[in-house]
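Only the coordinates and a few stated rules stand behind these numbers; no lab work does. Predicted model only: the values in this text are computed from it and were never measured. Don't worry about glycine lacking a Cβ; one is built from the backbone with ideal geometry, like all the others, and counts go over all protein chains shown.
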Amino acid sequence: MLKLEKVRETVAAELEARGIGDAPFYEQIREGRRDDGPFMIGALAMAKRRESDEGP
């Protein structure tokens, strides 16, 4: 099952590692205030795709 908190943490950590954004931006992602942004939309789409590929 998709864990939204895990996806948020992964996205924030990857952006931070690459120097994209700043500390407040990463915190907003972790708190769910950026769920409608392009990074989260892409990550959630891929997580759902992976989940459906793995099957029940």
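Quick notes on this structure:
- Single residue of the stretch 10-37 satisfying the filter (under 12 Å from the mean Cα position of the chain (by Cα) and part of a loop (DSSP other than H, G, I, E, B)) that is surrounded by the fewest Cβ atoms within 10 Å (Cβ to Cβ): Asp36
- Cβ-Cβ contacts under 7 Å between residues 6 or more apart (or on different chains), taken from a first residue in the stretch 1-30 that is under 25 Å from Ser52 (Cα atoms) to a second residue that is crowded, with 16+ Cβ neighbours inside 10 Å and among the aromatic types (Phe, Trp, Tyr), are listed as Val11/Phe39; Ala12/Tyr26.
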